[in-house]
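A quick write-up on the structure given underneath.
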Amino acid sequence: MQTQTVSAVDLSATNVDIDTTQTLQTLQTEPITAMPDVLENTPTAPLVGQVIEGRVSAIGRARVYVDLPPFGTGLIYGREYMNARDILRKVTIGDTIAAKVVETENEDGYIELSLKEARQALIWADAEEAVKRQHIMLLTVKEANKGGLILDWQGISGFLPASQLSADNYPRVADGDKERILSALEELVGKQLHVVMITADPKEQKIIFSEKSPQEKEEKEEKVGKYEVGDVVAGEVTGAVDFGVFVKIESGLEGLVHISELDWGLVEDTRALYKVGDKVKVKVIEVKDDKVSLSIKQLRDNPWEEAASKYQKDQVVDAVVIKYNKHGALASIEEGVAGLVHISEFESEEQMKNALSLGSVYKFKITLFEPKDQRMTLSYKEANAE
């Protein structure tokens, strides 16, 4: 009997060991799929800087609670509430709002949110999209400075450089005078312009606009590409300014004839020579990017070439005084060929003007004559020494 009892007990123990071993083996060989599924389906907790959406669950004094399941409750309060109070005053319970996480869990267990920072983040995202898609916007000019214009877009100030203005609005100012440029740009304040955003930099908080749409720029470059240096074309004067004349050579394309390229002779008033609507022939002298530079005088004989065979250094000639400048007086020996009488030949500017009257003819000695470079100097003193 004792032997049988012991055997029974041993057998029972053996059976338990076998079952346990089989269970362990089964756990080791069969993959556990439930845990990965749970992890995969669990939403990622919001991080600082992330913009999230939630429904307003309660509104307290200077604070707004936002339901953010399954993570808990968000809170807009303190400085963040004051920064966005104008917007939050219009918010009601049940409204869905987007906010930026500024702290994942404060001492009271809330996720601290910023509505203003979220709005800024969304605006900059819109700006980057606008640059990508090149949307045309109609914006009002707020201010002007010497470099361009300030425009407002969704509460952010953007810059429109003068170089990015259309031909109609570009300030045509002689010698790049900054004060006159500013005056011309100030005339655009309050006006609405069609622009595209070409730069959006959230880190630098910088937005840059252009009044030239990509399509217009491409079309202009295509038009400019048809012209080569030396081409002679017919055009129409569209504007006369202190530093030259603008000439339209085809629809949507105009070039500048600089004052130095209007005539071989001295030009003091471009408006006295040309008026808007005048028909002219021009020669293309430079093609660069989307600009064409033109000349009118190069379609006429160069008087310096003929003068080269008629005059020489040390020759005494008759010349008419045509202009005073800070260096002295200009005297012309024939149309388009003039030389400088230096002010150093006289004790003062007043004495020079007394000796050389505008429009009067005097004898001068040629002291420098370089017709290829169109340079000549004259001496009143040496020609009238005796």
**Request:** Would you check if there is a residue in region 290-302 being in contact with a strand residue (DSSP E or B) (Cβ under 7 Å, 6 or more places away or on another chain), over 30 Å from Glu219 (Cα atoms) and free of Cβ contacts under 8 Å to residues at least 60 places away in the same chain?
**Result:** no
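Of everything in region 93-118 that's among the polar types (S, T, N, Q) and at pLDDT 85 or above, which residue is nearest to Phe71 (Cα to Cα)?
Thr104
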**Fill in**
Note on region 214-241: residues charged (D, E, K, R) and under 13 Å from Tyr274 (Cβ atoms) are Glu236
**Asked** Which members of region 228-244 meet the condition of being of a type in the set (A, V, I, L, M), in contact (Cβ under 8 Å) with a residue 40 or more places away in the chain and surrounded by 18 or more Cβ atoms within 10 Å (Cβ to Cβ)?
**Response** Val237
**Prompt:** In the set Ser332, Ser379, Ser309, which member is surrounded by fewer than 15 Cβ atoms within 10 Å (Cβ to Cβ) and among the small types (Gly, Ala, Ser)?
**Reply:** Ser309
**Message:** When the residues of region 190-227 are narrowed to those that are in contact with a strand residue (DSSP E or B) (Cβ under 7 Å, 6 or more places away or on another chain) and small (Gly, Ala, Ser), which ends up surrounded by the fewest Cβ atoms within 10 Å (Cβ to Cβ)?
**Reply:** Gly190
**Asked** Which of (1) surrounded by fewer than 13 Cβ atoms within 10 Å (Cβ to Cβ); (2) assigned to a strand (DSSP E or B); (3) under 43 Å from the mean Cα position of the chain (by Cα) does Thr44 not meet, given it meets every other one?
**Response** (2)
**Request:** Of the conditions (1) surrounded by 13 or more Cβ atoms within 10 Å (Cβ to Cβ); (2) free of Cβ contacts under 8 Å to residues at least 60 places away in the same chain; (3) within 15 Å of the chain's Cα centre (by Cα), Gln134 clears all except one; give me its number.
**Result:** (2)
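The values are calculated or read from the model by the stated rules, or taken from the named source; none is laboratory data. Only a predicted model underlies this, so the values are computations on that prediction, with no experimental measurement involved. Neighbour counts are summed over all protein chains in view; Cβ atoms, including those assigned to glycine, are modelled from backbone coordinates with ideal geometry.
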